[in-house]
Amino acid sequence: MTVRIGKYIADSGIASRRHAEELIRTGHVSVNGTVIDTPVHFVSESDVVCVDGRVVSPQPDTVVYAFHKPINTMTTTRDTHGRKTIYDCLPQHLRGLKYIGRLDYKTTGLLLLTNNGDLARKMTLPSSGIIRTYVATVNGNDYSGLDAARSGITVDGVHYAPMEIIKIGGNQLLVRVTEGKKNEIRIVLRSVGCPVRKLHRVSYGKIKLGNLPVGKIQQIPQKTIDELLKTF
């Protein structure tokens, strides 16, 4: 399959289509060692395209997957203690994906994975403001300390941003956070007298876990990914 040289360069991410064509016309682009000066030129994956002597190639389309993380799995590529990781649960061809944020060993639910490392980084930054929603099953039934967690609280010298917490029946709380600090829900709820027995993430931004079975993975629709990319 061949594409126009301008599109090929634009798809590499170094210039817009219009700027790529200007680079071609002004002699900054070569194909297989020969400088070209017209955008009416077609190339394939086997061609070597350079801009100012630097080889460029199109970036793969961003893909995002929803994975239902099982309990007792580490969100890491390799665990020094030999514990099972999320990658042990994935098909071989998907083990190169990058996870977006972490879920701890005992936490279950929605974990997003992508081939776009920059997107993964941006989606975990507190400045992104992305809401992560969890269902926390807690011990005890004294909820008098929850207002402190809702207002923001400092525990062992670390400040945790306000959390939205809604009682949803039994010993379960719906908890929404945007900060993403390590173990923040467990730490904060324990500090206000509601230690967490189970923690389960049900959504990350607009992406929901839904009925995806435990240990299974499914690709997010391209329309949703395109909308997500526009926010960064």
Query raised in the report: Does region 129-211 classify as rounded, prolate or oblate by the C-alpha gyration tensor (a ≥ b ≥ c root eigenvalues; a/c under 1.5 gives rounded; else a/b over b/c gives prolate, otherwise oblate)?
Result: oblate
Query raised in the report: Which value, in debye to the nearest 20, gives the size of the charge dipole of region 102-221 about its Cα centre, when Lys and Arg are +1 and Asp and Glu are -1 at the Cβ?
Result: 380 debye
**Report entry** Computed accessible area, His159, all protein chains, 1.4 angstrom probe, square angstrom
**Finding:** 100 Å²
Query raised in the report: Can you put His68, His41 in order of accessible area, largest first, using a 1.4 Å probe?
Result: His41, His68
Report task. Give me the accessible area of Val35, 1.4 Å probe, in Å² rounded to the nearest 10. Result -> 100 Å²
Query raised in the report: Ignoring ligands, DNA and RNA, how do Glu164, Glu179 rank by accessible area with a 1.4 Å probe, largest first?
Result: Glu164, Glu179
Query raised in the report: Gain in length, Ile14 to Asp79, computed as 0.36 nm per residue apart minus the alpha-carbon separation, to one decimal in nm?
Result: 19.8 nm
**Report entry** Where a label projected 7 Å from the Cα of Gln218 along Cα→Cβ would reach, residues of region 52-67 with amide N under 11 Å
**Finding:** 66-67
Query raised in the report: Just how large is the dipole of the chain about the Cα centre, in debye to the nearest 20, putting +1 at every Lys and Arg Cβ and -1 at every Asp and Glu Cβ?
Result: 900 debye
Report task. Over 20 Å between C-alpha atoms is what I'm after, so list which of Lys106/Lys167; Lys106/Lys206; Lys69/Lys223; Lys167/Lys216; Lys7/Lys206; Lys122/Lys182 land there. Result -> Lys106/Lys167; Lys106/Lys206; Lys69/Lys223; Lys167/Lys216; Lys7/Lys206
Requested in this report: Per residue of region 37-47, in order, report the coupling 6.51 cos²θ - 1.76 cosθ + 1.60 (Karplus, θ = phi - 60°) as ³J(HN,Hα) in whole Hz, putting x for Gly and Pro.
Outcome: 10, 9, x, 7, 8, 10, 10, 10, 5, 7, 7
Report task. Using a 1.4 angstrom probe on heavy atoms only, work out the carbon and sulfur share of the accessible area of the chain in %. Result -> 50 percent
**Report entry** Accessible area in square angstrom per residue, region 66-172, 1.4 angstrom probe
**Finding:** 51 Å²
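The values are calculated or read from the model by the stated rules, or taken from the named source; none is laboratory data. What you are looking at is a predicted structure, and each value in this text was computed from that prediction instead of being measured. Note that each Cβ is placed from the backbone with ideal geometry, even for glycine, and that neighbours are counted across all protein chains shown. Protein only, heavy atoms only, side chains kept; ligands, DNA and RNA dropped before computing areas. Shrake-Rupley method; radii C 1.70, N 1.55, O 1.52, S 1.80 Å.
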